[in-house]
2 protein chains.
Amino acid sequence: MGDKRIPQIPLPTLKRLPVYYQYLTRQARKGVTDISCASIAKAMGLVAVQVRKDLQLTGAVGRPKTGYRLKELLEALERTLGYDNKTEMFLVGVGSLGKALLHYRRFGDYNIGIAAAFDVSEDVIGTEIDGKPVLPFRKFPSLCRRLHVKFGIICVPAEAAQEVANIMVSSGIEAIWNFAPITLELPDMVIVHNENLTASLSILLKKYKTQHTGSERE
Amino acid sequence: MGDKRIPQIPLPTLKRLPVYYQYLTRQARKGVTDISCASIAKAMGLVAVQVRKDLQLTGAVGRPKTGYRLKELLEALERTLGYDNKTEMFLVGVGSLGKALLHYRRFGDYNIGIAAAFDVSEDVIGTEIDGKPVLPFRKFPSLCRRLHVKFGIICVPAEAAQEVANIMVSSGIEAIWNFAPITLELPDMVIVHNENLTASLSILLKKYKTQHTGSERE
DNA sequence: TCCTAATCGATAAATATTTATCGATATAAA
DNA sequence: TTTATATCGATAAATATTTATCGATTAGGA
Ligand SMILES: NC(=O)c1ccc[n+]([C@@H]2O[C@H](COP(=O)([O-])OP(=O)(O)OC[C@H]3O[C@@H](n4cnc5c(N)ncnc54)[C@H](O)[C@@H]3O)[C@@H](O)[C@H]2O)c1
Ligand SMILES: NC(=O)c1ccc[n+]([C@@H]2O[C@H](COP(=O)([O-])OP(=O)(O)OC[C@H]3O[C@@H](n4cnc5c(N)ncnc54)[C@H](O)[C@@H]3O)[C@@H](O)[C@H]2O)c1
């Protein structure tokens, strides 16, 4: 129901594609020029068929006996994942996590950049982190519109996240990377991707307990 | 073919359970005492049947007309996810991300704590972050054994991650939360959960492009 | 030149996950 | 007290995802 678009790429595959890309760039740096699904699968703990099926969705074509040309494969992945166009983001909430993201240099490898950061605290407003200015949050709407920034990162406490998200959306933001542990209520048009670190840690905890206390029932 | 244990709880469900828990604790704080699958589903953008099926796996029982007793439901989730026992972790790599995790107070809400941190850099060794000492990494093995710590967090650069993981495992660590963007090769017994932030951001990027450049084919 | 083995691409089968349906039951209102 | 209805729990159907299989092809060696 609704007009939610059919995704071209199944979500489980989409989650693996960037990981292939990371692995493949490392192989390329090592001088590898051709690579097979079998070797990728082995390195990543998957099975070859799955890798082959995933990579097929990028349009890359391999060849019998030798596999894929690594350079072509990387280009196919870059096109598929959108690394071939520059993406600019605005970050809101320059606390410890926001600062970590601002410091991180490697997003540039994927043509992604944080153009500026915003906060309400005088402690951080006016500072610069890795060359990115920290501006008062009230300037977010005008600057966002002026620069046509479409991607936002939310690093504020849970209590403030919905309000920040609302302002983001009304300022033209169309995709949000949300680190606050709440489910944002936003128009369907807006893409929200939750990075729920605590929830993620819980998964590790449970997997461990499952393995170590055995099958509780079954 | 391998003795990989059958998970009691399907992974997709396991990923949702902590998010239910977060939502439900917020509702409890608001004074809600009974809650239905329908209302949970609505708040989290899911359908009621799915929520009901997920919650069934926690052993919680609801009642016609009124739904679940929130208190009971939270307890069931706490038991299921392991929040009812204290979990101590060691963190390695006190860079910007490691510091953010060390500063974060809310893991305590889930009975999870970072007992100590380790690094090789003199810049951080000897400091304290939110009361947690930063120790030289060479002390990791002995301390890990002595305190029977089973959970490790890897926040070192990708190049150092495999080596740190190896030392962790040989020191008795059995579950690893890995922030480095590489696939660690470790014995099957060790649970590894990758927190690949860049890969995750890529998913947002692609979802956005899919929605905004339309169906490329199909 | 011919043969062998590795690999892809396509199709089919098996599994896993989500979603629909429906009877039973407890609450609250008539 | 009776009735209407919201909700659960169970079962079944539909969908999505993973895994298996197999023929075609090509590189590299016999
Ligand atoms: N730090 C972690 O390791 C961690 C782990 C899990 C989840 N999270 C989540 O990530 C988010 C950020 O965490 P953190 O530890 O960096 O928090 P923090 O408290 O260190 O920083 C929050 C920042 O947001 C700013 N802020 C508050 N309200 C604002 C508003 N309305 N507009 C603009 N800025 C505002 C504050 O001034 C502060 O600088 C939180 O939602 C937290 O729950 C963080
Ligand atoms: N910061 C981010 O936003 C971000 C985003 C995506 C991924 N990551 C990943 O998270 C990890 C940490 O990122 P960061 O930004 O905090 O890095 P960082 O460079 O700020 O910190 C790394 C820390 O690890 C320490 N270290 C290096 N080698 C070590 C060793 N062998 N043993 C012990 N300690 C060692 C360093 O001294 C340093 O303190 C990296 O793998 C990075 O790719 C970080």
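Taken as entire DSSP H runs, the helices of chain B that both span 18 Å or more between Cα atoms along their own long axis and average 0.5 or more on the Kyte-Doolittle scale are B:158-170.
Shielding by partners for peptide A:82-94, expressed as the average number of C-beta atoms from other protein chains within 10 Å of each residue's C-beta, is 2. Taking A:GLU195, A:GLU122 and ordering them by how much accessible surface each has at a 1.4 Å probe, largest first, produces A:GLU122, A:GLU195. Counting Cβ atoms of other protein chains within 10 Å of each residue's Cβ and taking the mean over peptide A:59-68 gives 0. The smallest convex shape that holds all Cα atoms of the range A:6-81, its convex hull, gives 82 Å³ per residue. Taken residue by residue and averaged, Cβ atoms of other chains lying within 10 Å of the Cβ of B:23-31 number 1. Placing unit charges on the Cβ atoms of the charged side chains and taking the dipole of chain B about its Cα centre, the candidate lying farthest along the positive direction among B:ILE191, B:ILE153, B:ALA41 is B:ALA41. Full extension of the chain segment joining B:ASP123 with B:THR66 gains 14.8 nm, where the gain is 0.36 nm per residue of separation less the Cα-Cα distance. Per-residue packing, averaged as other Cβ atoms within 10 Å, sorts the ranges A:46-57, B:201-212 into the order B:201-212, A:46-57, beginning with the highest. Computing FRET efficiency as 1/(1 + (r/R0)^6) for B:LYS30 and A:THR213, where r is the C-beta to C-beta distance and R0 is 41 Å, gives about 0.75. In a simple Cβ point-charge model (Lys, Arg +1; Asp, Glu -1; nothing else charged), the range A:101-218 has a dipole of about 280 debye relative to its Cα centre.
Computed from the C-beta positions of B:HIS103 and A:GLU159 and an R0 of 22 Å, the FRET efficiency is 0.80 to the nearest 0.05. What you get for chain A, charging only the Cβ of Lys and Arg (+1) and of Asp and Glu (-1), is a dipole of about 1080 debye around the Cα centre. Using bins 5 angstrom wide from zero, how does P(r) for the range B:87-199 break down, in % of all Cα pairs? Whole-percent P(r) values from 0 Å outward: 2, 12, 25, 27, 21, 10, 2, 0. Note on the protein assembly as shown: with charges restricted to the Cβ of Lys and Arg (+1) and Asp and Glu (-1), its dipole about the Cα centre is near 1000 debye. Within straight-line reach of A:LYS139, meaning a Cα separation under 25 Å, sit the following lysines at least 8 residues removed in sequence or on another chain: A:LYS86, A:LYS99, A:LYS150.
If both residues of a DSSP beta bridge must be in the protein assembly as shown, then about 20% of such bridges are antiparallel. The range A:6-60 and the range A:87-122 have Cα centres lying 28 Å from one another.
DSSP bridge analysis restricted to chain A gives an antiparallel fraction near 20%, rounded to the nearest 5.
Per-residue ellipticity at 222 nm computed for the protein assembly as shown from its helices equals -13500 deg cm²/dmol, with DSSP H segments shorter than 4 residues left out and the rest contributing -39,500 (n - 2.57). Seen from B:THR25, the other residues with C-beta closer than 12 Å to its C-beta sum to a net charge of +2, counting Lys and Arg as +1 and Asp and Glu as -1. Relative contact order of the range B:88-218: 20 percent, from C-alpha pairs under 8 Å at least 6 residues apart in sequence.
With a cut-off of 11 Å between beta carbons, the residues surrounding B:SER36 carry a summed charge of +3, where Lys and Arg count +1 and Asp and Glu -1. When the surface is traced with a 1.4 Å probe over the full set of protein chains, B:TYR83 keeps roughly 10 Å² accessible. Excluding same-chain neighbours fewer than eight residues apart, the lysines reachable from B:LYS65 by a Cα-Cα span under 20 Å are B:LYS42, B:LYS53. Panel note: the C-alpha atoms of chain B, placed on their principal axes, show extents of 60, 49, 42 Å (largest first).
Here the convex hull built on the C-alpha positions of the protein assembly as shown has a volume of 168 cubic angstrom per residue.
The values are calculated or read from the model by the stated rules, or taken from the named source; none is laboratory data. Just so it is clear, the model here is predicted, and its values are computed rather than measured. Because the Cβ atoms are built from the backbone with ideal geometry, glycine has one as well, and the counts that use them run over all protein chains shown. All accessible areas refer to the heavy atoms of the entire protein, side chains included, with ligands and DNA or RNA removed. Shrake-Rupley method; radii C 1.70, N 1.55, O 1.52, S 1.80 Å.
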